[in-house]
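Engineer: One structure coming up, written as structure tokens, with questions to follow.
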Amino acid sequence: MRVVLKNFRLVDEETDTNGTLIIENGHISKVFPDTLKGTIDESVWLPENNSAAMIIDGKALATSGELPLLMPAFVDLHAHFRDPGPHEKDASLPFPAEVLESASLSATAGGFGTVVCMANTNPPIDTIEKAAALKRRSDALGLIDLYPVLSLTKNMEGKELSEINIIKGDSYIPLMLSEDGKDLADDDLFLAAMEEAKRLDIPISCHCDLGGDENNAVRRVIDLGKKANCHIHIAHVSTREALETIYQEQKDNLPWVEYTRVASKTGFYLTCEVTPHHLCLTEDAAKKLGEKTWGHVNPPLRSEEDRHGLIHALNVIDAIATDHAPHTAAGKETGAPGFSGFETAFAAVYTELIRGGADIDLKRLSSLMSASPTRLLRLDGGSQGRSRLIQGDRADLVIIDPTAEWTVKPALLKTRGKNSPFKGRKLFGKVLMTLHGGRVVFSG
């Protein structure tokens, strides 16, 4: 079936124009910018039998005079799905634990089409079959593309390598490896894991939480990564000092401009991500929420100086990633670290950065949330290409009302983890619809 999306503001990392986009067989077939208006008859958009087409008119969705945004769906390099895990309800808890289905619904409600999920489940995802089984379940669900990582060590105990050393071409091959927040204390074992990442030619996501000193941990994984000659990806950077270390390495050692545009990478590479909560909130918000309860996250919310450092470095940062970490209310009250992040991610950064007057435009924001992480995962080519509004790319899209103001009410979130740090805050930019392979998977 042909899908026609007309009267939208089309935005990706290289485009910002009003126009019309056509979907056929799950992929973008045509893009008509309004600069061509007057030369294209509407009959071009429609098959002979108009009833065979679904037409989505942005003007009908608009709540003001401003057209809705039509953007590539977002790509998240860092999320926690809690699946496998203890799924049974506990009558003493107001919310049951997150599961694949609820996390996937939450992702679609936030405009995400592709997600990398971490291995710190119960039991951990430390075998090829565990990762492949979760991938199969997600594919059958059909809401998002989910790519489970494998942990670096068995049972995430930091003693011996997991099955990363037997991954080969005929098995499930993850797009990333990670031990989540347990960077390995043993340098030799960590180096061996990085060498496996080099063999597989995929990034290893390092969370740099070892000992609680992010700055020294970042320096350590960079030095080990150089020895392994692999691709190191630094998760949830939160301090100005850590960013300066990363930037200096990129400036001195990496062909930065070329790297961001090529699909094939060899040798040592260094990339990084930041989260919406570190871009938008500070330690003051953590204190108000409760530093040891609802405001507790790893790494912690930092100073205003650190936050501004992250914002000013968005021209060299590779991605905005949610670190979606749903918890029960009881879990947060007893100190579980992390925030649910899918459904507030775009609105939070759009409100803070775009409407707040930071030196960043919607094209760069789209790049950080879609095209750049897509390239990092090497999902930017062929029939699986996504994150651009161009002919041939898969129609993973999100429609957003940029003028809609809404108040974050955790009880209304799709995720079972109601632990949003933006509770009660007014944000701009509401996700109206998410399409996955041309199919509507969320309509708000």
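The values are calculated or read from the model by the stated rules, or taken from the named source; none is laboratory data. Here the structure is a predicted model, which is why all the values come from computation and not from measurement. Backbone-built Cβ (ideal geometry, glycine too); neighbour counts: all protein chains shown.
Engineer: Scan segment 171-197 for residues that are assigned to a helix (DSSP H, G or I) and touching a Cys at 6+ places or on another chain (Cβ under 8 Å) and report the count.
Structural biologist: Looking only at that region, the number is 3.
Engineer: Here's another thing I want to ask about it. From the list Asp223, Asp209, which residue is surrounded by fewer than 20 Cβ atoms within 10 Å (Cβ to Cβ) and without any contact (Cβ under 8 Å) to a residue 24 or more places away in the chain?
Structural biologist: Testing whether each residue is surrounded by fewer than 20 Cβ atoms within 10 Å (Cβ to Cβ) and without any contact (Cβ under 8 Å) to a residue 24 or more places away in the chain leaves just Asp223.
Engineer: For the subset of segment 273-310 comprising residues that are in contact with a strand residue (DSSP E or B) (Cβ under 9 Å, 6 or more places away or on another chain) and of a type in the set (Val, Ile, Thr), which member is farthest from Ser238 (Cα to Cα)?
Structural biologist: So the residue we want is Val297.
Engineer: Ok, one more. Name the residue that is surrounded by the fewest Cβ atoms within 10 Å (Cβ to Cβ), counting only residues in segment 351-393 that are farther than 21 Å from His278 by Cβ and free of Cβ contacts under 8 Å to residues at least 12 places away in the same chain.
Structural biologist: So the residue we want is Gly382.
Engineer: Limited to segment 222-247, what total is found for residues that are among the aliphatic types (A, V, I, L, M) and part of a helix (DSSP H, G or I)?
Structural biologist: Selection size over segment 222-247: 6.
Engineer: Oh, and also: Residue check, Val44 against (1) modelled with pLDDT of 90 or more; (2) closer than 23 Å to Met1 by Cβ; (3) of a type in the set (Val, Ile, Thr), all met but one. Which one?
Structural biologist: (1)
Engineer: Only one of (1) in a loop (DSSP other than H, G, I, E, B); (2) closer than 24 Å to Ile320 by Cβ fails for Arg219. Which number is that?
Structural biologist: Answer for Arg219: the failing condition is (1).
Engineer: Return the residues of segment 268-296 that are of a type outside the set (Ser, Thr, Tyr) and closer than 30 Å to Thr374 by Cα; say none if nothing qualifies.
Structural biologist: Phe268, Leu270, Cys272, Glu273, Val274, Pro276, His277, His278, Leu279, Cys280, Leu281, His296
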